[in-house]
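Only one structure is covered here, and it is reproduced in the block below.
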Amino acid sequence: MDIIPDKAAETYARLKAALLRANVPSGTFLNIKTIAGQMKVSPTPVREALIRLADDELIGFAANRGYYIKHVHLDDLKAEYEMAYMVTRYAVEKSSTDFGNIRQGSKTGMPGSGDRGLNMPGSEAEIETMAAYLEDLYQQLAMLSGNARMVRAVRLFIDRTAQIRRLGLMIEPKFITYLLQMKVLETRLLAGDREEALRLLEDQYHAKEIVLGNVVRELGIRSRVTEADLSGLFG
């Protein structure tokens with residue numbers, strides 16, 4: 001017997017994926033009927049999905065106006081990265097789990113370097129591959145904690161910072177350096193060198209604090225010059 005997926009959960013997953021991969025300007029309001037029409041579902045699961053997305057702080061809500069794309073504030077972004085650092089550091093420090101056992105189930109690996117070396121990505125596919133590697137590694141570091149709430153917190157961090165991560169990989173050379181350092185961190189953990197992995201994790205956190213402002217400014221510029229076109233986004 002086929003299992004019919006929950007329509008609200010399916011709509012939430014589709015809507016979240018569309019918003020995370022799209023460059024929708026901040027302040028853009030999301031019309032429930034328009035989205036429902038594109039997704040070929042009734043307005044009810046769309047409304048429920050938007051409520052969940054707002055609860056996850058992935059979008060905003062204004063009374064009497066509706067749901068909208070949130071503006072990225074630098075202080076909020078720094079707080080997100082601080083939380084992720086604290087959780088992953090705790091997980092690495094306290095874990096008795098072999099990281100190799102967790103990493104073995106990974107579906108992503110370090111992006112191939114090809115003939116160009118690991119330079120700034122030249123296509124959206126390369127950006128997506130790099131971002132997916134980092135996000136998978138973040139999540140698996142959190143899994144070392146054995147704490148479901150910590151894992152969920154890092155998953156939300158991954159979603160909330162997805163746009164910044166991809167834009168950073170596109171425009172900021174230091175993000176490529178961070179990517180390479182995360183590969184070294186992974187290698188040290190797999191070798192059982194927890195002390196060096198923790199040092200790299202701390203270095204990553206402090207280094208990212210410095211360049212996040214550049215990426216947020218660029219995102220703001222792009223939001224101001226980009227037309228809000230949602231046609232076909234949710235289809």
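The values are calculated or read from the model by the stated rules, or taken from the named source; none is laboratory data. Since this is a predicted model, take the numbers as computed values, not measurements. So basically every Cβ, Gly included, is an ideal-geometry build from the backbone, and we count neighbours across all protein chains shown.
For segment 15-33, how many residues meet the condition of being hydrophobic (A, V, I, L, M, F, W, C) and either assigned to a helix (DSSP H, G or I) or more than 24 Å from the chain's Cα centre (by Cα) (or both)?
Total satisfying the criteria: 6.
Just one of (1) assigned to a helix (DSSP H, G or I); (2) under 30 Å from Ala191 (Cβ atoms); (3) among the hydroxyl-bearing types (Ser, Thr, Tyr) trips up Tyr12, so point out which.
In the conditions (1) assigned to a helix (DSSP H, G or I); (2) under 30 Å from Ala191 (Cβ atoms); (3) among the hydroxyl-bearing types (Ser, Thr, Tyr), Tyr12 misses (2) alone.
Can you tell me which residues in segment 1-19 are within 30 Å of Arg217 (Cβ to Cβ) and surrounded by 15 or more Cβ atoms within 10 Å (Cβ to Cβ)?
If the condition is that a residue be within 30 Å of Arg217 (Cβ to Cβ) and surrounded by 15 or more Cβ atoms within 10 Å (Cβ to Cβ), then Leu15, Lys16, Ala18, Leu19 are the ones that fit.
Could you tell me whether any residue of segment 212-234 is aromatic (Phe, Trp, Tyr) and modelled with pLDDT under 90?
Within segment 212-234, one or more residues are aromatic (Phe, Trp, Tyr) and modelled with pLDDT under 90.
Can you say whether Ile164 is at pLDDT 95 or above and under 25 Å from Glu82 (Cβ atoms), as far as the supplied structure shows?
Considered against the rule, which asks whether it is at pLDDT 95 or above and under 25 Å from Glu82 (Cβ atoms), Ile164 comes out as no.
Give me a count of the residues in segment 183-193 that are closer than 26 Å to Lys78 by Cβ and not β-branched (Val, Ile, Thr).
Residues that pass the stated criteria total 5.
Please find, within segment 100-119, the residue that is nearest to Val87 (Cα to Cα) out of those that are surrounded by 15 or more Cβ atoms within 10 Å (Cβ to Cβ) and either among the small types (Gly, Ala, Ser) or at pLDDT below 85 (or both).
Taking the candidates together, the pick is Arg103.
How many residues does segment 66-97 hold that are loosely packed, with under 14 Cβ neighbours inside 10 Å, farther than 18 Å from Val216 by Cβ and either of a type in the set (Gly, Ala, Ser) or in the same structural domain as Ala17 (by TED's automatic domain parsing) (or both)?
The qualifying residues number 1.
For (1) under 25 Å from Val24 (Cβ atoms); (2) within 18 Å of the chain's Cα centre (by Cα), each residue gets a yes or a no:
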| position | (1), (2) |
| --- | --- |
| Phe61 | yes, no |
| Gly66 | yes, no |
| His71 | yes, yes |
| Asp75 | yes, yes |
| Tyr81 | yes, yes |
| Thr88 | no, yes |
| Ala91 | no, no |
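What residue, of Val24, Val41, is farther than 27 Å from Leu219 by Cα, at pLDDT below 95 and not assigned by TED's automatic domain parsing to the domain that holds Arg165?
Just one listed residue meets the conditions, Val41.
Any residue that is more than 27 Å from Glu128 (Cα to Cα) and of a type outside the set (A, V, I, L, M, F, W, C) - is there at least one of those in segment 12-33?
Looking for residues that are more than 27 Å from Glu128 (Cα to Cα) and of a type outside the set (A, V, I, L, M, F, W, C), one finds at least one in segment 12-33, hence yes.
Of Gly66, Gly27, Gly37, which residue is out of contact with any Phe, Trp or Tyr (no Cβ under 7 Å at 6 or more places or on another chain) and of a type outside the set (Ser, Thr, Tyr)?
Exactly one of Gly66, Gly27, Gly37 is out of contact with any Phe, Trp or Tyr (no Cβ under 7 Å at 6 or more places or on another chain) and of a type outside the set (Ser, Thr, Tyr), namely Gly37.
Pick out the one residue from Leu185, Leu156, Leu189, Leu167 that is crowded, with 19+ Cβ neighbours inside 10 Å and under 23 Å from Arg21 (Cα atoms).
From the options Leu185, Leu156, Leu189, Leu167, the qualifying one is Leu167.
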